[in-house]
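**Student:** Sharing a structure with you now.
Please treat every number below as a calculation from the coordinates, not as lab data. What you see is a predicted model, and the numbers here were worked out from it, not measured in a lab. In this analysis, Cβ positions are derived from the backbone assuming ideal geometry, glycine residues included, and neighbour counts consider all displayed protein chains.
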Amino acid sequence: MAEHADRPAYPVGLRLSGRRVVVVGGGQVAQRRLPALIAAGADIVLVSPSATASVEAMADAGEIRWERRPYADGDLTDTWYALIATDDDAANEAASAEAERTRTWCVRSDDAEAATAWTPATGRSEGVTVAVLTAGAHGRDPRHSAAVRDAIVEGLRDGSIAAPHHRTRTAGVALVGGGPGDPDLITVRGRRLLAEADVVIADRLGPRDLLDELPPHVEVIDAAKIPYGRFMAQEAINNALIEHAKAGKAVVRLKGGDPFVFGRGMEEAQALAAEGIPCTVVPGISSSISVPGAAGIPVTHRGVAHEFTVVSGHVAPDDERSLVDWEALARLRGTLVLLMAVDKIGAIARALIEHGRSPETPVALVQEGTTAAQRRVDATLATVAERASAEGVRPPAVIVIGDVVAVGPATAPTAR
């Protein structure tokens, strides 16, 4: 192979569904490569005396056949593709020689130059597979291949690399959870749908920085400024979603956190369903977990809290509209996470204390969590109302009640 070392590899995609593939060696290399071969539908035979726990689990699940023995001549008979990845040099050489004799495409983890095939750095985005190889006069550099792959895939996912779809798109609405505020915490799928949208109807608490990245032709509608007043706001949002979808537009409803965690996402999905409009729900990272985490607070911790409860605090405990059993919550030993509760925290703290929760229970208020403006104010149930007022805590803020507040590291992690 030395005389061909300066020649570029010829790129090709192997269709291995139902075809015999032999993997020699059950270590870390096999563990990394097997999932893609399984996904390709290959008929996989693993030849190895031992295997990692993950590889063994694949065999136990019936995804591969495992012959628990060393390589033997003839193992590559009728094989389309072979991966040689053992720590036995003699076995690697023998298997490679058999692959050469039988004209079997063969990858070697120990000696790429002795192989007849190379495994590219691959990534996928919406049905597109990106495969990158570096070769030639400067030699193979897998790390450079991986870096190029990552840049391309990320560009396809976030829309910074234009890849227009030359097909008719189906109009509809995607309810996208934007996460707690940091634009990097939106899901990959959510960011891709944003890049493909014709219309974006955005919440005030959504990741606003992402709106600056949208192409000029995208219409951005501020849901907080849709007319008809506070009482009719949700109906107006529903009407806007329906109107633009019926006009043949790809619409993204960008919401803070997760659409179905106090996000009224189901109301919007029901309104769309009633009009026969396709709706896709893209879950988001809920602020109920991510914001405490960004402030160094685990909502559960071994030996401290075995459960956490997320509660909407927009209605006071003594309000007849409240659906929350505050007496039951006060008896719980785990963590309480309150959303939309800044202006009701005094009444909530009093209710919890009245029903038996200790006044000394630690409380943390995390304002604008995961953003550059994040700040944390600590108190107890007995002092939280006074502390929140004195410190000028304002929405959006997540309030954490429980012993986990005192568990975190001495120095809280950075917000972004």
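**Student:** Suppose the chain between Ala273 and Thr116 were pulled fully straight at 0.36 nm per residue; how much longer would it get relative to their current alpha carbon spacing?
**Tutor:** Here the segment from Ala273 to Thr116 would lengthen by 51.1 nm.
**Student:** Quick test of the membrane-span-like rule: which DSSP H helices of the chain reach at least 15 Å along their long axis (C-alpha atoms) with mean Kyte hydropathy at least -1.0?
**Tutor:** Working: long enough: 28-39 (18 Å, 0.34); 89-102 (20 Å, -0.91); 142-158 (24 Å, -0.46); 233-246 (20 Å, -0.33).
Membrane-span-like by this rule: 28-39, 89-102, 142-158, 233-246.
**Student:** Round to the nearest 0.05 the FRET efficiency obtained for Glu243 and Val188 when R0 = 25 Å and r is the Cβ-Cβ distance.
**Tutor:** It comes to 0.30.
**Student:** With r as the distance between the Cβ atoms of Arg321 and Ala151 and R0 = 56 Å, compute the FRET efficiency 1/(1 + (r/R0)^6) and round to 0.05.
**Tutor:** 0.65
**Student:** Continuing with this model, one more query. Between Arg32 and Ala90, 0.36 nm times their residue separation minus their Cα-Cα distance comes to what?
**Tutor:** The span from Arg32 to Ala90 would gain 18.6 nm if fully extended.
**Student:** Testing the spin-label approximation: label points 7 Å from Cα along Cα→Cβ at Glu100 and His144. State their distance in nm.
**Tutor:** In this crude spin-label approximation the distance works out to 2.7 nm.
**Student:** Counting only C-alpha contacts under 8 Å and six or more residues apart, can you give the relative contact order of segment 172-282 as a whole percent?
**Tutor:** Relative contact order comes out at 42 percent.
**Student:** Among Thr122, Thr86, which comes first, then next, by fewest other beta-carbon atoms within 10 Å? Intermediate results must be reported in sequence, preceding the final value.
**Tutor:** Working: Thr122 14, Thr86 24.
Neighbour counts put them in this order, fewest first: Thr122, Thr86.
**Student:** Specify which labelled value, from (1) 22.6, 69; (2) 28.0, 84; (3) 22.6, 76, agrees with Rg and Dmax of the Cα atoms in Å derived from the coordinates of the model shown.
**Tutor:** Computed from these coordinates, Rg and Dmax of the Cα atoms in Å corresponds to label (2).
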